[in-house]
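The values are calculated or read from the model by the stated rules, or taken from the named source; none is laboratory data. Predicted model, so just to flag it, every value in this text is computed and none were measured. Ideal geometry is used to build each Cβ from the backbone, glycine not excepted, and the neighbour counts take in all protein chains shown.
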Amino acid sequence: MSQRPDLVLVTGPMVGASSWAPTAERLRVSGWRVHVPDILLADGALPPWHALSTHYAKLLSLDSPPFLVGHSLATVVVADLALRMAARGLIMVDGEIPPASGPVPPGRESFRAFVLGLAGDDGWLPRWSEWWLDHPRRSVTGIDQLACDADAFVMFENDHRACRRHGSMTQ
């Protein structure tokens, strides 16, 4: 029987790598080789939007082409990353499908406006989970589902990388 390909799980830029932890663990238990590169831990800060896939490519050293899995805004990042590393395929979870060519902004204009509206006077964003406290679309964010796993939620909430300067959304 042939060996399963590697899976590389990539987070959207507004949350830390811990957001993939429950999924990664379940996949590993099922026999998959799973990688969750933590670009923020490796680089110390979120690189500009246009450079994200380059930074992810530097973090990955795999023996064979992987399947790339992107969530949220990372769907666009993994599409570009797939070209850089000749990926076997892409799985895009709850995100945008990028155009065939040309520059791609980080999310729709309405989302960027929403994020920029959350930034404090100092330019820092609150934790991602705090964005949705009274938001009418809270039920579709998955935050309440994540909160059902107390350990995963604590890890997510304590991920110091969950707070971002809004500048990465505009670079």
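Some observations on this one:
- Selection count, region 120-147, where residues are touching a residue at least 12 places away in the same chain (Cβ under 8 Å), among the aromatic types (Phe, Trp, Tyr) and more than 15 Å from Trp20 (Cα to Cα): 2
- Of the helices (runs of 4 or more DSSP H) entirely within region 1-76, those holding at least 2 residues that are modelled with pLDDT of 85 or more and surrounded by 14 or more Cβ atoms within 10 Å (Cβ to Cβ) occupy 21-29, 52-59.
Yes or no, residue by residue, for (1) at pLDDT 80 or above; (2) loosely packed, with under 14 Cβ neighbours inside 10 Å; (3) touching a Cys at 6+ places or on another chain (Cβ under 7 Å); (4) within 22 Å of Leu41 (Cβ to Cβ):
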{"site": "Arg108", "(1), (2), (3), (4)": "yes, yes, no, no"}
{"site": "Ala113", "(1), (2), (3), (4)": "yes, yes, no, no"}
{"site": "Ser139", "(1), (2), (3), (4)": "no, yes, no, no"}
{"site": "Ala150", "(1), (2), (3), (4)": "yes, yes, no, no"}
{"site": "Gly167", "(1), (2), (3), (4)": "no, yes, no, yes"}
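- Some residue of region 119-127 being assigned to a helix (DSSP H, G or I) and either touching a Gly at 6+ places or on another chain (Cβ under 9 Å) or surrounded by 14 or more Cβ atoms within 10 Å (Cβ to Cβ) (or both): no
- Top-ranked residue of region 95-104 - restricted to ones that are free of Cβ contacts under 8 Å to residues at least 60 places away in the same chain and surrounded by 14 or more Cβ atoms within 10 Å (Cβ to Cβ), ranked as nearest to the chain's Cα centre (by Cα): Glu96
- Out of Ala74, Ala86, sole residue that is touching a Gly at 6+ places or on another chain (Cβ under 6 Å) and under 24 Å from Arg4 (Cα atoms): Ala74
- Top-ranked residue in region 77-98 [being β-branched (Val, Ile, Thr) and farther than 13 Å from Pro13 by Cβ; ranked as modelled with the lowest pLDDT]: Ile97
- Taking region 77-87 as the range and being more than 23 Å from Arg26 (Cα to Cα) and not in a helix (DSSP H, G or I) as the test, only Ala86 passes.
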